[in-house]
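Working notes, structure below.
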């Protein structure tokens, strides 16, 4: 058993900056090398920062730790706050990040597996 805690002071710049727009830092708590293990990442977004659209091969849960953020799919955008949990089904086009006026942090939880970061950006450029 492991007991883990996301810590901002442990967060570092992403290895692949092209997966984000704006300042973001990541704290990898669990990073399995084989598919099926649980990946846990504390993600710290500055105001206005967010992921680019992507699709995971596995379900993803985002537990909001602090601030105010947005989780968006092709069909909807939801504002999220501390204590909220957004669940994104496998195969769903989505993006997530901070609002333009508030930083946000979440814990990303999902079984390890591929992510497609080359999907069409669709309505991602529309911030409002």
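Since every read-out is calculated from the coordinates, none of them should be taken as a lab result. These numbers were taken from a predicted model, which means no experiment stands behind them. Neighbour counts run over all protein chains shown; Cβ positions are idealised from the backbone, glycine included.
Note on the chain: with a GNM built from Cα contacts shorter than 10 Å, the maximum mean-square fluctuation among 56, 96, 19 falls on 19.
Using the Cβ-Cβ distance between residue 38 and residue 117 with R0 = 30 Å, the FRET efficiency computed as 1/(1 + (r/R0)^6) comes to roughly 0.90.
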